[in-house]
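Enquirer: Handing you a structure now.
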Ligand code: HEM
């Protein structure tokens with residue numbers, strides 16, 4: 001169990017990673033609206049996607065750290081339906097992120113249409129991920145309040 005100060009530090013780490021993850025996802029969503037992407041745009045998108053992956057790992061690590069060393073014992077979360085619903089949302093968002101990552105990696109090779117079609121497809125997958133985020137945040141708030 002944590003002291004209030006170490007719990008606050010873990011919470012700050014978890015929130016920082018989660019806010020960055022959502023910001024990066026939104027940045028990718030806006031960038032994929034580009035109808036005529038340049039090589040530079042594609043390289044930037046690949047970098048953003050890498051940052052997104054790193055943030056997902058950090059959110060997970062911060063979340064697990066809070067389960068182990070946070071203010072509540074693991075048994076508190078294990079008995080929380082909202083916690084498990086949040087884990088399902090996290091897994092769904094993770095699964096939805098595989099395809100856009102693969103599509104973005106493929107933009108390293110040249111394409112006749114300059115990858116405009118690939119970016120449209122990436123944007124659809126990212127839209128689906130963004131739809132799951134409000135639900136995930138709702139479950140996060142509920143789990144923190146004992147649901
Ligand atoms: C994109 C993914 C995630 C987001 C956006 C997110 C967001 C949040 C937010 C906003 C809170 C604070 C809720 C509040 O105090 O009202 C929170 C708390 C928490 N999250 Fe996450 N989270 C994510 C993933 C995870 C994962 C994967 C885990 C565990 C493996 C996790 C474990 C926790 C724990 C233990 C708390 C503390 C709840 C409490 O105060 O009792 N989170 N999360």
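Enquirer: Using Cα pairs closer than 8 Å and at least 6 residues apart in sequence, work out the relative contact order for the chain, in percent.
Expert: 34
Enquirer: How far is helix 81-96 tilted off the main Cα axis of the chain, in degrees rounded to 10, range 0 to 90?
Expert: 20
Enquirer: Would you mind computing, in nm to one decimal, how far apart the modelled labels at residue 74 and residue 87 are, each placed 7 Å from Cα along Cα→Cβ?
Expert: In this crude spin-label approximation the distance works out to 1.1 nm.
Enquirer: Could you tell me the center-to-center distance, by alpha carbons, between region 112-141 and region 59-103 in angstrom?
Expert: 19
Enquirer: With angles folded into 0 to 90 degrees, how steeply does helix 116-144 sit against the dominant principal axis of the chain? Use alpha carbons for both and round to 10.
Expert: On a 0 to 90 degree scale, this one is about 10.
Enquirer: Still on this structure, I have one more. Residues in region 32-60, backbone N under 19 Å from the label point at residue 111 (7 Å along the Cα-to-beta-carbon vector): list them, ranges by number please.
Expert: Output list for this probe position: 32-50.
Enquirer: May I pose another question? Please report 99, 86 as a ranked list, fewest other C-beta atoms within 10 angstrom at the top and most at the bottom.
Expert: 99, 86
Enquirer: Which of 66, 108, 123 moves the most in a Gaussian network model of the chain with Cα springs under 10 Å?
Expert: Checking each option, the largest mean-square fluctuation is seen for 108.
Enquirer: I'd like the projected area of the chain, averaged over all directions, using the convex hull of its alpha carbons. Report it in nm² with one decimal.
Expert: 8.5
Enquirer: Could you identify which residue out of 84, 125, 29 has the top mean-square fluctuation in a GNM of the chain using Cα springs shorter than 10 Å?
Expert: 84
Throughout, read-outs are computed from the coordinates displayed, never taken from laboratory work. This one's a predicted model, so the numbers in the text were calculated from it and none came from an experiment. Heads up, the Cβs are rebuilt from the backbone with ideal geometry, glycines too, and the neighbour counts pull from every protein chain shown.
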